[in-house]
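Undergrad: After the structure tokens below, expect a handful of questions from me.
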Amino acid sequence: MLKPRTSVCFLFSSLLSIPLVAQQAGALLERAPAGVEEVLRDRVTRFYGMHSEGKFRQAEAFVCEESKDAYYDSDKRRWQSLEIIKTNFSEEFTKAAVVVALGSELRTRTGNIPAKYPYTSMWKVVNGAWCHYIPPPNETETVTPFGVMRQQKNAGAGQASQPMAASQRTSAAAVFASVKLSKERLLLKGYEASSDELEIYNGMPGLLFVQIQCAELPGFTWKLGKTKLEAGERTKLRVEYTPRDKSPKPSFELRVLAEPLGHAFPVKIVFDIPEETKKQLPPALRP
């Protein structure tokens, strides 16, 4: 009686392993061929490394010919650090979107504090080498999570002169309004350990990718529940602060970056002061 049961269990476990093997095989097929990602990362590192040294003209060698004019006109900064977060390949590994975190400084009234800025850098293979390209702007198209909104070429003369129809502008506004933050301000205590949190809701029909852009403040940390939200999903952003002393702390701002909207939602971080200190302030200055 034990033999049939053992055979059935073995068969059942084998069937369960089939989707897992298929999933692993699919993951292998999605990976870049050996050496491709390493070469791309090296090019990205050298490109931004020249920026950190102020060698903007030498960095031009890493820019695609079609994007050189746009590169000349773009703002350039001496980045203090570079972190490659992830690479997303397309078109049979000949194009890639590289998400990087660029280190700089955020100026405040009390001085400069370190900050990291996430940015998606576009690259493609030209003549066997990876080069950085800047997609040209297109006034007749607006990219949204629902697809590309295009100007109607066969519309009447009055409508053809408009870059976007009124219904399209309304739809674009509705897309931005579909992503909601439960708070625009988070309150922390500047004199003792404390925390606060807000909720991010994806009301779009497609995926929403969330990133946090925030200055580095000693004792201040944040944690995001999810970075990818399906339609109708929610996640929480929790911030915590452990101050080094009880002195008043200036407020600052972090940003919730929402892709593919290309929009940053500002969230103000405010530090409360002790009650005994509030009582010593004039009524007009009490928070």
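All of the numbers you see were taken from the coordinates with simple rules; none came from a lab. Everything numeric in this text was worked out from a predicted model, so none of it was measured. A quick note on method: Cβ atoms are made from the backbone with ideal geometry, for glycine too, and the neighbour counts reach across all protein chains shown.
Undergrad: So how far, in whole Å, is the C-alpha centre of segment 191-255 from the one of segment 38-64?
TA: Here the two parts' Cα centres lie 32 Å apart.
Undergrad: OK, next. When the convex hull of the Cα atoms of segment 36-132 is projected onto a plane and the area is averaged over all directions, what value comes out in nm²?
TA: 6.6
Undergrad: Here's another thing I want to ask about it. Glu92 versus Tyr201, label points 7 Å from Cα toward the beta carbon: distance in nm?
TA: Taking the two extended label points, one gets 4.6 nm.
Undergrad: Also, quick follow-up: With +1 on each Lys and Arg Cβ and -1 on each Asp and Glu Cβ, and nothing else charged, work out how big the dipole of segment 178-274 is about its Cα centre, in Debye to the nearest 20.
TA: Charge dipole, segment 178-274, about its Cα centre: 40 debye, nearest 20.
Undergrad: Multiplying the sequence separation of Arg31 and Arg185 by 0.36 nm and subtracting their Cα-Cα distance, what value in nm do you get?
TA: Difference between extended and current length: 51.4 nm.
Undergrad: About the Cα centre of segment 36-132, how large is the charge dipole given +1 on each Lys and Arg Cβ and -1 on each Asp and Glu Cβ? Please answer in debye to the nearest 20.
TA: That gives segment 36-132 a dipole magnitude of about 480 debye.
Undergrad: So, in nm, how far is label Glu253 from label Ile84 when the simple model puts each one 7 Å beyond its Cα toward the Cβ?
TA: Going from the Glu253 label point to the Ile84 one covers 3.3 nm.
Undergrad: So how much slack lies between Lys76 and Glu53, counting 0.36 nm per residue of separation and subtracting their Cα-Cα distance, in nm?
TA: 7.1 nm
Undergrad: Considering only lysines 8 or more places apart in sequence, or on different chains, count the pairs in segment 38-100 whose C-alpha atoms sit under 22 Å apart.
TA: Eligible lysine pairs with Cα atoms under 22 Å apart amount to 5.
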